[in-house]
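The values are calculated or read from the model by the stated rules, or taken from the named source; none is laboratory data. The structure displayed is predicted, hence computed values, not measured ones. Note: ideal-geometry Cβ built from the backbone for every residue, glycine included; neighbour counts use all protein chains shown.
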Amino acid sequence: MNEIVVHFPVRMDSGEVEVFTGYRVQHNNTLGPFKGGLRFHPDLSIDEVRALATWMTWKCALAGIPFGGAKGGIQIDPAKYSRAELERVTRRFTFALGDAIGPEYDIPAPDVNTNAQIMAWILDTYWSTMPAHDRQRCMHVVTGKPIESGGCPGREKATAQGLVFCVERWAEDHALDLGKASAIVQGFGNVGSWAARLLAAKGTRIVAVEDAGGAIAAADGIDPEALADHARREGTVKGFPGTRPVTHEEFLSTAADIFVPAAMESQITGETAPLLRVRLVAEGANGPTDPAGDELLRDLGIDVLPDILCNAGGVIVGYFEWLQNKRSESWDLDEVDAKLKKKILAAYRQVEQTSRERGGLDRRTAAYIVALSHLQAVYRERGIFP
């Protein structure tokens, strides 16, 4: 529906001025306000944001929550900037977006290289543009905020928690004991690290992990809690004691029951899919599998829990945070997790049912059918003005 591109200047710690480019693509708001994350990445492009915004539309429709799809971000490598510089960049970007965002219109959230602190800066900047008597009514302009600033318990782990709920149900359906299973995880940021921790809590051995700094493996399993501490200190999983370094190809070739791609797009391709030796791909990232890779996974008999289902936990709990802010309510973690499980497994059942009814259709296509059918029904009912 709308594409916003902004160029804005920010003064660096050195006193020099740097100009940044930011994006916000609002794909569709038929079901409700635009909703989607903001990512900070040096390779971010308008085409990537368009694709991500589209996925958000399908994801919200599949999950049955009253949001439309949006996405955005800034072309920036946050590792090269100080905390003070990132704060100024974030605030200036928020100001540049102006009324393109709003609590009942377009609600940003964290994504790659952004977090609760970034959301708090956006909230504070947006508040500063509002009349004093309207500010408390704008708490839900962003989700994924710190708990103290109106955030929701469980939001940090929400995407991974939803993924694990789906994996649990798949494991039940396929007679896989997660207590005896193994997994490999690509990406060890928010989604990957939490997925590893939550799977390990079920007894699953994490036998290999890869991030931007390299890949590691350990046949006896890797402690994801200790690895998370190491990654925070060192900035990478590489060099974690008790593991051996492996190449990207060796990582993908590691035998396991479950593969969780939780990094960037297009990691499973026509070239890399044949390397996989797993039973299930649970897509924690958006678009980790390209069309050629998807076709090969079907040919190889590897099951896929598609991204718009498997990683919908983030936007579902974002919706819960939005609701709590609107109602001035506060839910505890047990309530959030219970509501998340109910929502995401309802979507899971819809996808499985559609797959069966269509003669064993792959889950990705089935998920798109469920999402698009929901949108189609709304368009038919409302018609076109005038």
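Within region 279-310, take every residue that is touching a His at 6+ places or on another chain (Cβ under 9 Å) and surrounded by fewer than 20 Cβ atoms within 10 Å (Cβ to Cβ) and give me the one that is nearest to G68 (Cα to Cα). The residue in question is D303. Within region 274-283, is even one residue modelled with pLDDT of 95 or more and over 25 Å from E172 (Cα atoms)? Yes - at least one qualifying residue is present in region 274-283. Within region 355-386, the set of residues being at negative phi, free of Cβ contacts under 8 Å to residues at least 60 places away in the same chain and of a type outside the set (D, E, K, R) comprises S355, L361, T365, A366, I369, S373, Q376, A377, I384, F385, P386.
Here is a yes/no grid of residues against (1) closer than 27 Å to R88 by Cα; (2) in contact with a strand residue (DSSP E or B) (Cβ under 8 Å, 6 or more places away or on another chain); (3) at pLDDT below 95:
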site	(1), (2), (3)
S14	yes, no, no
V19	yes, yes, no
L31	no, yes, no
F34	yes, yes, no
I46	yes, yes, no
T54	no, yes, no
W58	no, yes, no
L62	no, no, no
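When region 237-265 is filtered for residues that are surrounded by fewer than 20 Cβ atoms within 10 Å (Cβ to Cβ) and under 20 Å from the mean Cα position of the chain (by Cα), the ones remaining, listed by number, are M264, E265. None of H27, H41 is buried (at least 23 other Cβ atoms within 10 Å of the Cβ), within 18 Å of the chain's Cα centre (by Cα) and touching a residue at least 40 places away in the same chain (Cβ under 8 Å) except H27.
Conditions (1) surrounded by fewer than 18 Cβ atoms within 10 Å (Cβ to Cβ); (2) touching a strand residue (DSSP E or B) at 6+ places or on another chain (Cβ under 6 Å); (3) among the aromatic types (F, W, Y); (4) in the same structural domain as A70 (by TED's automatic domain parsing), marked per residue:
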residue: T90; (1), (2), (3), (4): no, no, no, yes
residue: G102; (1), (2), (3), (4): yes, no, no, yes
residue: N115; (1), (2), (3), (4): yes, no, no, yes
residue: L123; (1), (2), (3), (4): no, no, no, yes
residue: Y126; (1), (2), (3), (4): no, no, yes, yes
residue: M130; (1), (2), (3), (4): yes, no, no, yes
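In region 164-175 there is at least one residue matching the filter, namely being over 22 Å from V317 (Cβ atoms) and either outside any helix (DSSP H, G or I) or polar (S, T, N, Q) (or both).
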